[in-house]
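Values in this text are rule-based calculations from the coordinates and carry no lab data. Since this is a predicted model, take the numbers as computed values, not measurements. With ideal geometry, Cβ positions are generated from the backbone for all residues, glycine too; neighbour counts draw on all protein chains shown.
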Amino acid sequence: MRHMSKIAITLSVVALALPMAAMAQSTGSGTGDKTTGGTTSGTTSTGTPNGSSTGSKSSTTKSTSSKSSTGKTADSSFVKEAAQGGIAEVELGQLAVRRAKDEDVKQFAQRMVDDHGKANDELKQLASQKGLTVPTDTDSKHRAEITKLTNASDANFDREYMHSMVMDHDHDVKLFQQYSSKGTDSDLKAWAAKTLPTLQEHQQMAKSTSSKVGNGGNGSKSSSNGVTKTGQKNGTMSNTSSQGSNSGRKMPGQTGTDTGGNTTPRR
């Protein structure tokens, strides 16, 4: 009986132990699956697709930042160049109003003072709204031109001033055309487009007035031998005419030809 009792107890223990072992194995397997699943999930979240997407976004951000920086530089460059040119136009105009002899040159100069002065004020206000620095003086190139015209003689001033105006407005028109079509700031582009027709009018006025005073200067010039010249071509013609008028006269001590073609001996 005792032996049977021991066997029964042993079987009971085994019966209890088997389910517990099975539960333990099941729990371990589940834990492993979860860990594996976690690893897989982690791999997916940091895998090539997501990593590639992150790199692409970063590259796009850098590209946008680069374009923004380039646009800002172009805006600043335009404002600087336009302002320096405008300041020079006003200063040269004021000089020409005082010194010019030709009335058309004086009127042109006053127009430069008025129009460019107005444009300078508009640009200054617009640029300040954009946080852009506006120069308060012109650049070294224009400063040298101002000095040159300040030292020009009265006889040459009108011609040299108008020549300078033609060159300056050729440059200005090109600058404003380029920015009004390719600029990055919409407000500055609109201002450039609005100002461009005025600059083109100045350009035509400058060429017309320069043509008037350019070749002959102010009035006629007299040469040292008393022949009046109004330019190289006219001067040449005047000298030739003068020499031709003397060819028919015989000077003392000179061999000449009379109207019949006979040679007159030297006396």
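Evaluated with a Cβ-only charge set (Lys, Arg +1; Asp, Glu -1), region 76-213 carries a dipole of roughly 140 debye about its Cα centre, given to the nearest 20. Once you've got the Cα coordinates, tell me which of 141/174; 106/174; 148/182; 118/182; 148/189 are over 29 Å apart. From 141/174; 106/174; 148/182; 118/182; 148/189, over 29 Å: 148/182; 148/189.
Classify region 59-195 as rounded, prolate or oblate, taking a ≥ b ≥ c as the square roots of the eigenvalues of its Cα gyration tensor: rounded when a/c is under 1.5, otherwise prolate if a/b is larger than b/c and oblate if not. Judged from the Cα gyration tensor, region 59-195 comes out prolate (a/c at least 1.5, a/b above b/c).
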